[in-house]
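Values quoted throughout were computed directly from the atomic coordinates according to the rules given, and no laboratory measurement underlies them. Model, not experiment: these values are computed from the prediction. Glycine gets a Cβ as well: all are built from the backbone with ideal geometry, and neighbour counts include every protein chain shown.
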Amino acid sequence: MQFVEAHGAKIPVLGLGTWELSGRICSRVVEQALRLGYRHIDTAQIYENEREVGEGLRASGIRRDDVFVTTKVWTTHFTPHDLLRSAKDSLSKLRLSEVDLLLLHWPNPHVPLAETLGGLGRVKELGLARHIGVSNFTVALIEEAVKLCPQPLVCNQVEYHPYLDQTKVINACLDHGLAVVAYSPIAKGRAKNAETLTRIGAGYGKTAAQVCLRWIVQQDIVAIPRTSKLERLSENIGIFDFELTEEEMRAIFAMATPKGRLTDFGFAPKWD
Ligand SMILES: NC(=O)c1ccc[n+]([C@@H]2O[C@H](COP(=O)([O-])OP(=O)(O)OC[C@H]3O[C@@H](n4cnc5c(N)ncnc54)[C@H](OP(=O)(O)O)[C@@H]3O)[C@@H](O)[C@H]2O)c1
């Protein structure tokens, strides 16, 4: 497995997303993913599956230190006091002494960013998170966060797939040495029917979803596809034995549309 490195963090370039996975399916999918070679699991407090993610991790028999575990703090816990309590709560559900990466799940303009980042830095100092980062931060918010945070931020997790041009935010991350982690990397499943991806995949004996994920990791961007189906776990990790040409990469970049964003909420920041 390749890694993306940022401020001392070594993030496996492919991880398993777990949003909407719950109960036994969640723990089985996590266990099986790790047995198949995944070494990076993405969860969040708001997914309410940290307990099951921890169970899958233990059932896999893979050594704790060989797996990169990310969780996220929800925006209602952004005062330093709440943030610390929330991080401890996540760890007790995961039954881990620390996570590899703890993220602010979304920006929250109602709590001063300096306070929240101070709290996040404190969680790291206490050894509860090996690394810290943000999610759904825009260029302006990244600039602000990098200035205010007492510790280095190692990543910004954002929506990214062929339908959404994220050049601006990706460049801002690179300027500050942050890794980019792509969520919804197969566009919530939509990429599986894309004509361009299917056509390119036919030349390599790969599916459209595999071409889509390959396009992301070939940009040194981390992808965290989610599946509830055991058979798709091996499909989604089977992307390291072929390489897209520059022309193919360009054809996939050309799929972006102005309406390509799939995740938007009333509380979202003003996107770049
Ligand atoms: N930071 C944030 O705000 C944020 C927001 C959204 C997501 N995330 C993270 O990113 C992860 C991934 O994003 P996502 O879950 O939104 O979307 P995604 O991974 O792009 O797509 C998941 C969907 O695609 C299907 N799928 C998976 N592999 C497939 C394949 N090989 N062929 C065809 N369909 C396939 C899955 O269905 P089956 O289950 O039927 O396979 C599921 O419906 C999440 O699980 C979560 O961990 C973070």
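For the chain, what does the helix formula give at 222 nm: sum of -39500 (n - 2.57) over DSSP H segments with n ≥ 4, over the residue count, nearest 500 deg cm²/dmol? Don't skip to the answer; put the middle values down first.
Values: 10 runs with 106 residues, N = 272.
Taking each H run of at least 4 residues, the total per residue is -11500 deg cm²/dmol.
With a cap of 14 neighbouring Cβ atoms within 10 Å, and only residues DSSP puts in a loop, list the GluC sites (Glu not before Pro) found in the range 1-68.
Filter output for the range 1-68: E20, E48.
Considering Cα pairs under 8 angstrom that are at least six residues apart, work out the relative contact order of the range 75-157 and quote it in whole percent. Can you show the working numbers first?
Numbers: 115 pairs, mean separation 27.5, N = 83.
Contact order relative to length: 33 percent.
Quick one: net charge around A114, please, counting Lys, Arg +1 and Asp, Glu -1 for every other residue with C-beta under 11 Å from its C-beta.
-1
Let me check against my output: what whole-number percent is the relative contact order of the range 178-224, with C-alpha pairs under 8 Å and at least 6 apart?
Values: 55 pairs, mean separation 22.6, N = 47.
Relative CO of the range 178-224 lands at 48 percent.
What GluC sites (Glu not before Pro) does the range 219-262 have in DSSP loop regions with at most 11 other beta carbons within 10 Å?
E243
Using alpha carbon centroids, what distance separates the range 229-261 and the range 117-140, in Å?
What the calculation gives is 30 Å, centre to centre.
Pull up all non-local amide H partners of Y183: gap of 5 or more, or a different chain, and H-to-H distance under 5 Å with H placed in the peptide plane.
V158, E159, Y160
With viscosity set to 1.002 mPa s and temperature to 20 °C, compute the Stokes-Einstein D of the range 1-121, Rh being the Kirkwood radius across alpha carbon pairs; µm²/s, no decimals. All intermediate terms of the calculation are to be shown ahead of the outcome.
Numbers: Rh = 14.7 Å.
Answer from the Stokes-Einstein relation: 146 µm²/s.
Show me the trypsin sites (Lys or Arg not before Pro) within the range 219-272 that DSSP assigns to loop and that have at most 12 other Cβ atoms within 10 Å of their Cβ.
Sites meeting the loop and neighbour criteria: K229, K259, K270.
Determine the relative contact order of the chain: mean sequence separation of Cα pairs under 8 Å and six or more apart, normalised by residue count, in whole percent. Don't skip to the answer; put the middle values down first.
On the way: 519 pairs, mean separation 52.6, N = 272.
Over the chain, the number comes to 19 percent.
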